[in-house]
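To start, the structure itself, in C-alpha cells.
The values are calculated or read from the model by the stated rules, or taken from the named source; none is laboratory data. Because the structure is a prediction, the values reported are computed rather than measured. Positions of Cβ are generated from backbone atoms using ideal geometry, with glycine treated the same way; all protein chains shown enter the neighbour counts. Calculation scope for accessible area: heavy atoms of the full protein, side chains included, ligands and nucleic acids excluded. Shrake-Rupley method; radii C 1.70, N 1.55, O 1.52, S 1.80 Å.
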Amino acid sequence: MLSLFICGTAVTSQYLAEQYKVNTPMLQSFTNYCLLLLVYTTMLALRTDNESFLQILKRRWWKYILLGLADVEANYMIVKAYQYTTLTSVQLLDCFGIPVLMALSWFILRARYRLIHFIAVAVCLLGVGTMVGADILAGRQEGEGSDVVIGDVLVLLGASLYAISNVSEEYIVKNLSRVEFLGMVGLFGTIISAVQLTIVEYRDIARIQWNWKIALLFMAFALCMFGLYSFMPVVIKVTSATSVNLGILTADLYSLFFGLFLFCYKFSGLYILSFIVIMVGFVLYCSTSTWTAETVSTSLPQPASTGLDNLGLKLEEDDHELPATSIQVTQEENGMANSS
C-alpha cells in the first residue's frame, strides 16, 4: 500500500511535468505538509495526556527543526535530480539510502543484523538492477539531462537524508508517539517548505496556467503523500525502517506498470522478474528478527545476552533463561529478622 502511494506521487508529478510543464516539487511537498499540520499538529495541540504541545516544543524543538529540514530537503533533492540525470540513475543511486539506513540503525537504534538480512538486502538490490536492465532494454535511457554529475550527487544526498529521517521516525514512533512525529514534521515541514518555495520556486509558480485538471493533480499528489506519511509510521512501528524501505522498492515497478497505459512505455518481462526478486528479498528480510543490543549501565548489572526486537520472543527467551533459585534461611538469621 505504501508503494502504491509512492506510485501515485510519481504518476501525478510526471503528468504535471509532461502534460502541463509544471515543475514545482517544493510546492507539491508544501501541500502535503499543510495537510499534516492541519490534521496531526492540531491533534497534538489538543492532546491532554502525556506531554503537552508546548512541553514538546520546549524540550525538543531544535531536534524537530533538524528532522523537518532533513525531510523537506530529501523530498526536494530527489525530485530535483530528475532534471539533471536519468530515471535509471535515480533508481540505482536511490538504493544508496538502504546501507546508510542500516548503518544508522546499527549505531543509533543499536540494531544488530544476521547474515540472512544482508543476503536479503543484496537480493532486493539485485531486483532493482534487473529493473534498471529492463529500462535500458526498453529504451527509456534517453534524456541524460544537463549535468549528470549534479543529478547523481543530488540523489545520493537525498537518499542519505531520507535515511536520517526514517531512522528518526523509527525512534520516535517506537519510543514516543506517531502523532508527535507527524505533528512536528507537519509544523516545521510547513514552515521550512514555505520559506524555500518563496525563494527558489516563485517564478515557476507564477508561470502555472491554473485549471481544474492541474488543481486535481496537485490534490491527488497531496493526498497520496499524506497517506504515505500517515501509514508509514504504523508499519515502521511493527517492523523497522529498513524493512519498509526494502518493501517500497516495488513502487518504481508500480509506476512502470501505470506508465505502460498512461505514458506508452514498452513492456518487458524483466519487470515481472524484478518484482518477484525484490519481494523474495523482502520476505527473506522479514522472516528473521533483528537483534537489539542492550544498553550497558554502570550502576546495575546487565545480562550478557542481547534481546530480540520481537517482544514475544524476548519474553519467552527470558522465561527459559532465568534459573529457579531458592533461599535458605537459618534459624539464627530468622531470629535476628524477627527481633528487628
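Numbers for the structure displayed
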| item | result |
| --- | --- |
| Net lengthening on full extension, Thr288/Ser230 (0.36 nm per residue, minus Cα-Cα) | 18.3 nm |
| Hz values of 3J(HN,Hα) by residue in the range 184-197 - Karplus curve (6.51, -1.76, 1.60), Gly and Pro given as x | 6, 5, x, 5, 6, x, 5, 5, 5, 5, 5, 5, 5, 5 |
| Per residue accessible area of the range 1-287, 1.4 Å probe, in Å² | 47 |
| At R0 = 51 Å, FRET efficiency that the Cβ-Cβ distance of Val148 and Thr48 yields, to 0.05 | 0.45 |
| Share of carbon and sulfur in the accessible heavy-atom surface of the range 1-287 [1.4 Å probe, %] | 70 |
| Cα gyration tensor shape for the range 1-114, rounded if a/c is under 1.5, else prolate or oblate | oblate |
| Rounded to whole Å, sorted largest first: equivalent-ellipsoid semi-axes of the range 1-287, Cα gyration tensor | 29, 26, 16 |
| Local electrostatic count at Gly158 - Lys and Arg +1, Asp and Glu -1, tallied over other residues with Cβ under 13 Å | -3 |
| Within-13-Å neighbourhood charge of Ser230 [Cβ basis; K, R +1; D, E -1] | +1 |
| Sparse-neighbourhood loop sites, trypsin sites (Lys or Arg not before Pro) in the range 196-256 - DSSP loop, at most 12 other Cβ within 10 angstrom | Arg207 |
| Interatomic Cα distance distribution for the range 1-63, bins of 10 angstrom, percent | 18, 32, 24, 20, 6 |
| Modelled FRET efficiency - R0 22 Å, Thr198 with Ala220, Cβ distances, 0.05 increments | 0.35 |
| Probe 1.4 Å - accessible area at Leu115, Å² to nearest ten | 130 |
